[in-house]
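Note sheet for the following structure.
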Amino acid sequence: MFASRLNSIITAVETLLWGERSLSMTLGRLNHIGVATPSIERSLERYRTLFDAHPSSPPFDLPAQGVRVCFVDAPNSQIELIEPLGPGSPIARFLEKNPEGGQHHVCFEVPDIAAARSHFEGLGVRILGPTRIGAHGTPILFLHPGDMGGTLTELMERPQQAH
Ligand code: CO
């Protein structure tokens, strides 16, 4: 009830501001689930041994984000294994609390990251830091878990080709 009233108010405001152009957001495809790990190698070994699942490419460093990353393919999505890169890594604190690692974030695709940022800023949803280039080479941003029921949520601009 409240949500549908809120939606109609948003649509009305958008129409006032931008005419017919709508900034309403559709939840896109689940691109990946981010899993923090103290060792990508050990995690890969576990996926290989238990599921015969394999990485889509070798692990690689993302220095701008302070992480080392590797994707494991599932038929409908991917697991993004994330290991700290250097002492100031943003996932260092997560691993202090969860030494064995664990689920860290979910990532949904959106058609246009700038439109997504405006949409969520307009709703007062906190966004962590600037829009930056993510592990798939497209722009990403993170929504604050405190505004997402405790789930750190990454949004990534939909890649031109499937990952
Ligand atoms: Co991610």
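Brief remarks follow.
- Remark: the chain carries 59 Å² of accessible area per residue (probe radius 1.4 Å; ligands, DNA and RNA excluded).
- Cα-based helix-to-principal-axis angle, 2-18 vs the chain, degrees rounded to 10: 70
- Descending Cα extents along the principal axes, the chain, whole Å: 55, 32, 31
- Most simply put, the chain has about 70% antiparallel DSSP beta bridges, counting only bridges with both residues inside it.
- Efficiency of FRET from Cβ geometry, Arg132 and Lys97, R₀ 25 Å, rounded to 0.05: 0.55
- Placing a label point 7 Å from the Cα of Val125 along the Cα-to-Cβ direction, the residues of segment 135-156 with a backbone N closer than 18 Å are 139-156.
- For the chain, the longest principal axis of the Cα atoms and the long axis of helix 113-122 meet at an angle of about 60 degrees.
- Crossing angle, helix 40-51 versus the chain [Cα axis fit, 0-90 degrees, rounded to tens]: 90
- Nonpolar atom fraction for segment 53-105, defined as the carbon and sulfur part of the 1.4 Å probe accessible area, stands at 56 percent.
The values are calculated or read from the model by the stated rules, or taken from the named source; none is laboratory data. Only a predicted model underlies this, so the values are computations on that prediction, with no experimental measurement involved. FYI the Cβ positions are ideal-geometry reconstructions off the backbone, even for glycines, and counts take in every protein chain you see. Side chains included, ligands, DNA and RNA excluded: accessible areas come from the protein's heavy atoms. Shrake-Rupley method; radii C 1.70, N 1.55, O 1.52, S 1.80 Å.
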